[in-house]
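See structure below.
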Amino acid sequence: MSVIGWLQLALLFLVMLALVKPLGLYMARALSGERTFLSPVLGPVERGFYAAAGVDPAREQGWLAYAFSLLAFSIAGFAALYAILRLQAFLPLNPQGFGGLAPHLAFNTAVSFVTNTNWQSYGGETTMSHFSQMAGLTVQNFVSAAAGIAVALALTRAFVRSGATALGNFWVDMTRATLHVLLPLAVVVALAFVLMGLPQTLAGSVAATTVEGAQQTIALGPIASQEAIKQLGTNGGGFLNVNAAHPFENPTALSNYLNIVAMLGVSAALVYAFGQMVGSRRQGWAFLAVTALFLIVGTGAVYWAETSGNPVLSALGVDPAMGNMEGKEVRFGQAMTAAYAAATTGLSDGGVNAMHGSLTPLGGLVPMFLMQLGEVLPGGVGSGLYGMVVFAILAVFVAGLMVGRTPELLGKKIEAREMKYAMLAVLILPLAILGFSAASAMLPFAVAGIGTGGPHGLSEILYAFTSAAGNNGSAFGGLTANTPWYNTTLGIAMLLGRFAYAVPVLAIAGSLAAKTRVPASAGTFPTDGPLFVGLLAGIIVILGGLQFFPALALGPIVEHFAMLAGQTF
């Protein structure tokens, strides 16, 4: 570790701190339908969409209708994307002449992008046509992120309203999130990426002559535009196979900085917007403090683990001065590689600028554990916020048990109904992750897909289902996932991680909205101070630790001690 590395990390978090408030205030106004500086341009477009779709923006929905709209829209998106991927060979903008995807890969990919996971069992430049990338994947990068924001808005309104039966209109919320938030930011970030050297072209490839005189075909395409929404929408799916480790997706240290800021920006600002919209900015800052605590600790842990090096490689004569550089790009350095790894897994982003399977065992454990905590740090756009609120409900319930009072959060009493829905939501992740991982570790044809034996192979399986169920999409590397078993089971895990979590959250929102908001009293446990921040952080760690520690002990923890003993597998 170095002073320069710590200064790079400090600058990154300071930039994020400076962006959270102005972007959060803008998002709070835009998502509430209030006038912003973009309203003269985007307002008529928004109203035109409502007129064309037959949507009455003044007509609101209860939680069941809201959930049905979310599911119906997602099913339609899945069907459209599945058709594009299967019929790719017959569609335009296919300069590479790629054929359609196999049914199990098309299913996996369509589910992946509709659920904002963006897991990729394929190499983008060798599989996807430009039409599939733009009209299929990029469209879902926008609308799947907007759907997550919509669910978060419905939950936000539940804390504001008293005795209400409606939570807003899904179609309006999704349209505003896309049109007023994601689209303008994507245009700005895409132009910045183009200035930094990312390609933005409809050409399929370019021929280059190597130093040795050989000919090499280098894939091209509309990379900058997809890279922008990939990060802003916490999608993470790369246009190219190695994602942000490729110089066409991430050419310089400056573009690496912008990648991290973009992936954190909307999710973090939405947490601040939540505080603004519920009338308690301190509550928003409290949630952000929990996020910052985990991200800073996670980044520091990865940085320490990777700069400590690998004694196995040192024994083979590799210079340990630079730490463990296996699988990393030298243009980023250890500090910013660690920051990227922690941010992309604390979020449900999934983009990578280094291969996580090449990290040291403890360096690989941290990203896995951050995903297993529920993708709330600050999580995917929208999904991170409503995931944090679910943990906050659990935290105030525990606090209520301690002091013998009915728990409250932002003036709403948390009772048995909300707790049942909250527990249903948080139990989805361990069910999907551990259930499918256990089955895959026992079935011979599934075990055949791992790239390394021993505990690292178990980590490959565990990481894959953790990433899928957490709607993250990053891969540990080494696992051959493009098989009927993994494509199908990972797809099911993605569906459970997205919708079996979101629907109970909407049920919680419907229950809370119907309650009367009561003013704070002398017996109310404050949820916007340091004590609650510590309690909430503890609840998140305890849940993650109790559920996943045994599996982690068999994977990266065993591998760490084996590494110290000089053992390889």
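Any read-out appearing in this document is the output of simple, stated calculations on the displayed coordinates, not a laboratory observation. These numbers were taken from a predicted model, which means no experiment stands behind them. Counting neighbours? That spans all protein chains shown, and the Cβs are built from the backbone with ideal geometry, glycine included.
The mean of 1/r over all pairs of different alpha-carbon atoms in segment 91-235, once inverted, gives a Kirkwood hydrodynamic radius of 17.3 Å. Answer rounded, prolate or oblate for segment 244-329, using the Cα gyration tensor with square roots of eigenvalues a ≥ b ≥ c: rounded when a/c is under 1.5, else prolate when a/b is larger than b/c, else oblate. Oblate is the answer for segment 244-329, as a/c is 1.5 or above yet b/c matches or exceeds a/b.
If you wrap a convex hull around the C-alpha atoms of segment 302-380 and split its volume per residue, what is the figure in Å³? Please report the intermediate quantities before stating the final value.
On the way: hull volume 6.0 nm³, N = 79.
Once divided by residue count, the hull of segment 302-380 is 76 Å³.
Of the listed values [x] 19; [y] 34; [z] 13, grab the one calculated as percent of Cα pairs over 44 Å apart from the structure here. Computing percent of Cα pairs over 44 Å apart and matching it to [x] 19; [y] 34; [z] 13 gives [z].
How would Glu415, Glu60 line up from fewest to most surrounding beta-carbon atoms within 10 angstrom? Please list the in-between numbers first.
Working: Glu415 14, Glu60 18.
Starting with the residue having the fewest Cβ neighbours, the order is Glu415, Glu60.
Would you calculate, for the chain, the mean residue ellipticity at 222 nm contributed by helices, counting each DSSP H stretch of 4 or more residues as -39,500 (n - 2.57) and dividing by all residues, to the nearest 500?
Details: 22 runs with 345 residues, N = 569.
Mean residue ellipticity at 222 nm (helix-derived): -20000 deg cm²/dmol.
Relative contact order of the chain: 20 percent, from C-alpha pairs under 8 Å at least 6 residues apart in sequence. The mean sequence separation of alpha-carbon pairs under 8 Å and at least six residues apart, normalised by the residue count of segment 1-112, gives a relative contact order of 14 percent. Over every Cα atom in segment 183-239, the radius of gyration and the widest Cα-Cα span, Dmax, amount to 13.8, 44 Å. If R0 is 41 Å, the Cβ-Cβ spacing of Thr488 and Val330 corresponds to a FRET efficiency of close to 0.60.
Taking every pair of Cα atoms in segment 316-449, average 1/r, invert it to obtain the Kirkwood radius, and report Rg/Rh to two decimals.
1.11
When peptides 180-191, 438-449 are sorted by average Cβ neighbour count within 10 Å, with the highest value leading, the order is 180-191, 438-449.
Order by neighbour count: Glu212, Glu326, Glu418, fewest other Cβ atoms within 10 Å first, most last. Don't skip to the answer; put the middle values down first.
Details: Glu212 6, Glu326 15, Glu418 24.
Ascending Cβ contact count within 10 Å gives the list Glu212, Glu326, Glu418.
With the cut-off at 1.5 for a/c, could you classify segment 49-111 from its C-alpha gyration tensor as rounded, prolate or oblate? Show your work: numbers first, answer last.
On the way: a/c = 5.62, a/b = 2.09, b/c = 2.69.
It is oblate, given that a/c is not under 1.5 and a/b is not larger than b/c.
Note on the chain: Lys pairs 8 or more places apart or on different chains, Cα atoms under 27 Å apart, count 7. Size of segment 452-542: Rg and Dmax of its alpha carbons, in Å, are 19.8, 59. Counting neighbouring Cβ atoms within 10 Å and putting the fewest first, the residues Arg59, Arg405 line up as Arg59, Arg405. Only alpha carbons enter this Debye calculation for segment 242-290, each as an equal point scatterer, and the log10 of I(q)/I(0) it gives at q = 0.16, 0.31, 0.32 Å⁻¹ is -0.56, -1.04, -1.07.
Assuming R0 = 30 Å, can you tell me the calculated FRET efficiency for the pair Thr165 and Leu19, based on Cβ-Cβ distance, to the nearest 0.05?
0.25
The packing ranking, built from the mean of other Cβ atoms within 10 Å per residue, places the peptides 354-363, 95-104 in the order 354-363, 95-104, highest first.
Under a model in which nothing but the beta-carbon of Lys, Arg (+1) and Asp, Glu (-1) is charged, the chain shows a dipole of about 1660 debye around its Cα centre.
Could you order the peptides 234-243, 248-257 from most to least packed, using the average number of other C-beta atoms within 10 Å per residue? Could you put the intermediate results ahead of the total?
Numbers: 234-243: 26.4, 248-257: 19.4.
Going from most to least packed, we get 234-243, 248-257.
Please label the shape of segment 192-313 as rounded, prolate or oblate, based on the square roots a ≥ b ≥ c of the eigenvalues of the alpha-carbon gyration tensor (a/c under 1.5 means rounded; beyond that, a/b larger than b/c means prolate, else oblate).
Details: a/c = 3.86, a/b = 1.60, b/c = 2.41.
Taking the square roots of the gyration eigenvalues as a ≥ b ≥ c, segment 192-313 is oblate.
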